[in-house]
Amino acid sequence: MVWEQNVPAVIMLNKLMESGRHKCATYFPSKSEQSVEFDDYTVILEEEEQHHNFVVRKIRLKKLNEEGGQTFYFP
C-alpha cells in the first residue's frame with residue numbers, strides 16, 4: 001500500500017512497547033543503515049531523530065529487482 005500509493009509519511013500513534021506489552025510489530029530496522037526484508041521489499045532506516053515525546057524516522061523502501069526506491073518519513 002505504501003509503495004502503490006507513493007505516500008510521503010506513515011504515522012504511528014503508539015509506542016512499540018507500552019506497560020511491558022508489545023503494541024506494534026517492528027517492521028523497520030532498529031539501527032541506521034540496516035535493512036529488513038519482507039517478501040519483495042527491503043526497508044532501510046536512513047535516519048532517526050529522538051525527541052522528548054516522539055521519534056521521527058526517515059525510511060527508504062525498495063522493491064527487489066527495481067532501481068531507486070521511495071523515501072518516506074515515519075514519525
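The values are calculated or read from the model by the stated rules, or taken from the named source; none is laboratory data. Remember, predicted model here, so these are calculated numbers, not experimental data. Methodologically, a virtual Cβ is constructed for each residue, glycine included, from the backbone with ideal geometry; neighbour enumeration extends over all protein chains shown.
Here are the numbers for this structure:
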| quantity | calculated |
| --- | --- |
| Filtered residue count, the range 8-63, keeping only those that are touching a strand residue (DSSP E or B) at 6+ places or on another chain (Cβ under 8 Å) and among the polar types (S, T, N, Q) | 5 |
| Complete set of residues in the range 1-51 that are assigned to a loop (DSSP other than H, G, I, E, B), at pLDDT 85 or above, loosely packed, with under 10 Cβ neighbours inside 10 Å and not polar (S, T, N, Q) | G20, D39, H51 |
| F38, sole failed condition from (1) over 13 Å from the mean Cα position of the chain (by Cα); (2) among the aromatic types (F, W, Y); (3) within 15 Å of G69 (Cβ to Cβ) | (1) |
